[in-house]
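The values are calculated or read from the model by the stated rules, or taken from the named source; none is laboratory data. Keep in mind that what you see is a predicted model, and the values were worked out from it rather than measured. With ideal geometry, Cβ positions are generated from the backbone for all residues, glycine too; neighbour counts draw on all protein chains shown. Remember, those area values only see protein heavy atoms, side chains included, never the ligands or the DNA or RNA. Shrake-Rupley method; radii C 1.70, N 1.55, O 1.52, S 1.80 Å.
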Amino acid sequence: MSDFLSANAGILIALIKVVVVVLVLLTAVAYITWFERKVVAHMQSRWGPERVGPHGLLQPLADGAKFLFKEDPTPAGIDRFVYFLAPFLALSLSLSTIAVIPLGPGQIEIFGRRTWLSVAELNISLLVVFAITALSVYGVALAGWASNSKYPLLGGLRSSAQMLSYELSLTMSVVGIVLLTNTFSLRDIVDDQRGGLLHWFVFPQIVGFACFFISALAETNRVPFDLPEAETELVAGFHTEYASFKFAMFFMAEYAAMVTVSFMVAVLFFGGYFSPFPDTSEFHWTFYLPTAGAVISGVLLLIHGLRYYTAFGRVVLPVIGAALVGLGIVCALPGVIGFVQGPFWLIAKVATVLFVYVWTRGTLPRFRYDQLMGFGWKFLLPLSLANVLITSLIVALRPAQ
Amino acid sequence: MNVETILFFILAAAALGGAVNLIAQTHPIHSALSLIVVMVALAGIYLLLGAELLAAVQIIVYAGAIMVLFVFIIMLLNAGVEERTAISRAATWVGLPFGVILTVVLGWRIAFSQAPAHTGPGVDMVRASRELSQMLFTSYVFPFELTSILILVAILGAVVLAKRDF
């Protein structure tokens, strides 16, 4: 057994990492739908999901069960192969991008082998992300075409045009960072931002960041660029004819893409897994911030949960609160405290970006289609090209180090 | 047989199968999808050879941009299943023999090739892409710019055709 382990340790470690990351990502996707509904509801003075579990916490579970057991009618006159291929393509592509994103600094040890804290460590990880993004348009376009129906076809056409147009400025907006760092590796890009808030690329590349974030909103078909599924015009766009779990696959693909883009924003512009504080001894107290955050929110949840209006909630919420307090205390242990810093800051940044995503959805109205195209081609693309030009000028004139 | 050889045969089978399927399919969308399979499989083979930049460019440019446009146009024109016509006389008398000759010559050259098979990574990726860019903008700058102008002319032609009143 141990021979087998040592001979195939590389493959085993990779498998373990894949399983863990996919499970965490899928759970996160389920709870991001809850988070989004809650946040948008509170922005609009509503309650949001409230009935299934305390504060609607079991709503994602109920939704998942509903998707599994719903009737799944297959429309007539479809192209069967492509119709079934499209949701599979959409979900598998948007789940696979996360593999190349560095989740923490340094290496950990499993089965006596040191391994990076990411599923796959490549030196062209940035290009891999763009390659997968470039392919992800097929899921939407083929779903629209294969459904043999007018609304999905129009939705699919719109989204292919939109994703193609915004992919240009998405890619161009990152060229500035590649010029500054001389690398395509996401880990090297993060390591170049070591040393606190002032070293983050969001400051020298503020224009690139704006272009990237707007293009990413369009690329993931989010408000205000959710033209492919503009329900007042196109029913539900490309996935009108999909029901049950095939619809759920598109849904999960959209949210997984959202998570990936948030990771990309954090990694490229906000220092990835590095803390915003400088790496010096007078800022050593910031190592206890994960603990403080978990303990404070845990205690608040405990107090709130004890006075919740259902008996179930009075049990579940204090338990979650106590678990958070426990987690916080574990995070302060000497062996753990250094390790949790990277993932903690990365997740905090990703959560912030996700909140901005939801905030945007709660705030902005949808673009008209011609405005969308005009904005992409006549404003965003020239702006990102200008950013590339100015950055390369600065890099060329800067004295060599 | 190591993992790389197995991967090579899987990718080669995918590429060949995709290429045959591209011709055999009667619907343009299915043909386009087969072509995408070919391109992605080729990108995988480039990766096996250690040409990571080429693999990424292959997927981003060919599979991600050009083929999306193909699929987009096929969808936009709502092209149906192609009609089978009898094979033309020129194809029978010129095409088939030349095809056979080409296959034989290529197969013969490959089978009796003395050049060592080049496999496995080991190329410094950053240096390789830098050298590639330097070559593009120094030694090969004229063909590079010429290609750009060719593409520009093609775009202009498309715009003129689109603007024309029929």
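Overview of results
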quantity	calculated
Rounded to the nearest 10 Å², the accessible area of A:Lys70 at probe 1.4 Å	110 Å²
Spherically averaged projected area of the stretch B:1-101 from its Cα convex hull (nm²)	8.5 nm²
Number of partner chain Cβ atoms within 10 Å, mean per residue of B:58-67	5
Cα-Cα P(r), the stretch A:118-227, percent of pairs per 5 Å interval	2, 11, 18, 19, 16, 13, 9, 6, 4, 2, 0
Helix-only [θ]222 nm of the protein assembly as shown, DSSP H runs n ≥ 4, -39500 (n - 2.57) each, per residue, nearest 500	-22000 deg cm²/dmol
Rounded to the nearest 10 Å², the accessible area of B:Leu48 at probe 1.4 Å	30 Å²
Built amide H within the under 5 Å cut-off of A:Arg366, gap 5+	none
Percent carbon-and-sulfur accessible area, the stretch B:1-101, ignoring ligands, DNA and RNA, probe 1.4 Å	76 percent
Charge sum, other residues only, whose C-beta stays under 14 Å from A:Ala266's C-beta, Lys/Arg counted +1 and Asp/Glu -1	+2
Projected label distance in nm at A:Glu282 and A:Phe339, using a 7 Å step from Cα toward the beta-carbon	3.2 nm
Accessible surface, chain A, averaged per residue in Å² (probe 1.4 Å)	47 Å²
Protein-protein interface of the stretch B:20-50, residues with accessible area decrease of at least 30 Å², isolated chain reference, 1.4 Å probe	B:Ile29, B:His30, B:Leu33
Span from the the stretch A:362-401 Cα centroid across to the the stretch B:24-52 one, whole angstrom	32 Å
Solvent-accessible surface ranking, highest first, for A:Arg46, A:Arg368 at 1.4 angstrom	A:Arg368, A:Arg46
Estimated buried accessible area (total), pair A and B, 1.4 Å, Å² to nearest 100	2100 Å²
Alpha-carbon Debye profile of the protein assembly as shown, log10 I(q)/I(0) at 0.05, 0.07 Å⁻¹	-0.25, -0.50
Listed residues B:Ile73, B:Ile23 arranged by accessible area, highest first, probe 1.4 Å	B:Ile23, B:Ile73
Solvent-accessible area of A:Met43 with every protein chain in place, 1.4 Å probe, in Å² to the nearest 10	80 Å²
Of A:Lys66/A:Lys246; A:Lys17/A:Lys66; A:Lys17/A:Lys38; A:Lys66/A:Lys150; A:Lys246/A:Lys349; A:Lys150/B:Lys163, those spanning more than 24 Å from alpha-carbon to alpha-carbon	A:Lys17/A:Lys66; A:Lys17/A:Lys38; A:Lys66/A:Lys150; A:Lys246/A:Lys349; A:Lys150/B:Lys163
Ranked order, A:Met172, A:Met373 - accessible area, probe 1.4 Å, largest first	A:Met172, A:Met373
Mean Cβ neighbour count within 10 Å, used as a protection proxy, ranking A:74-85, A:352-363 highest first	A:352-363, A:74-85
